[in-house]
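Only one structure is covered here, and it is reproduced in the block below.
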């Protein structure tokens, strides 16, 4: 990419960040009637946010997405569905551990619960559920299984577990599932899933390549609800 294209990409990122910064600032000043404390730090932080988000998006598009797509297309070389399922679990698990939104949520949960729900335990629990959903999604693609055949039983299981889990864990489970759908997990896992579905002769990428995000989210919900039941 040349300098002109890079600047255009940076400008596009700026256009997505500036409106929300301006909206919150104006709301703080004119509606809440509160000044913005430490304007210098605020301004520097906004600039760093734009630059950081731009660099992150560029890194995702030039590294993780192509790599994930290549790995997905080459998974068929591994002629063992069990190994592929374990690989998918590992990818989902480790990708979830670095998801920034989940880390932020886990820290908030630990603070609000006064340490009763440690951030580390919550993160690893969600990662296990996400990895399980990722594994189920890859198995779905390999065997050309309709998403509803796997998703509906998983949703029913989550509903059943919700009746037995403490109420606070039900709410945390829902938020945890949302927190996993961040800038690390989704690009990587979608690239792997679509790359695999495009290379398999018996599958239609449009019909079978998608749906994996829903499975990973339900997996995260189930794992957190199980944690809540065990913690009782």
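Values quoted throughout were computed directly from the atomic coordinates according to the rules given, and no laboratory measurement underlies them. Note that the structure is predicted; figures quoted are calculated from it, not measured. Please note: Cβ atoms are built from the backbone with ideal geometry, for glycine as well, and neighbour counts cover all protein chains shown.
The distance separating the Cα centre of the range 3-41 from that of the range 155-223 comes to 32 Å.
A crude spin-label estimate for the pair residue 25 and residue 9, with each label 7 Å from Cα along the Cβ direction, gives 2.6 nm.
Look at 163, 93 and count the other Cβ atoms within 10 Å of each Cβ; fewest to most, that gives 163, 93.
Fully extending the segment from residue 204 to residue 167 would add 9.3 nm, taking 0.36 nm per residue of separation and subtracting the current Cα-Cα distance.
For the range 1-63, divide the Cα radius of gyration by the Kirkwood radius and give the resulting Rg/Rh value with two decimals. In the range 1-63, Rg relative to Rh is 1.10.
Between rounded, prolate and oblate, where does the range 31-104 land on the alpha carbon gyration tensor, with a ≥ b ≥ c its root eigenvalues, rounded for a/c under 1.5, else prolate if a/b exceeds b/c? Prolate shape, in that a/c is at least 1.5 and a/b is the bigger ratio.
Label positions at residue 156 and residue 79, each projected 7 Å from the Cα along the C-beta direction, are separated by 3.7 nm. Dividing the summed -39500 (n - 2.57) terms of all DSSP H runs of n ≥ 4 by the residue count of the chain sets its mean residue ellipticity at 222 nm at -25500 deg cm²/dmol. Assuming a ≥ b ≥ c are the square roots of the Cα gyration tensor eigenvalues, decide whether the range 104-154 counts as rounded (a/c under 1.5), prolate (otherwise, with a/b larger than b/c) or oblate. Prolate is the answer for the range 104-154, as a/c is 1.5 or above and a/b outweighs b/c. Place a label point 7 angstrom from the Cα of residue 231 along the Cα-to-Cβ direction, then list the residues of the range 127-144 whose backbone nitrogen is under 16 Å away. Within reach of a label on residue 231: 127-129. Residues 37, 111, 168 in ascending order of nearby Cβ atoms (within 10 Å, fewest first): 37, 111, 168. Computed from the C-beta positions of residue 2 and residue 51 and an R0 of 22 Å, the FRET efficiency is 0.70 to the nearest 0.05.
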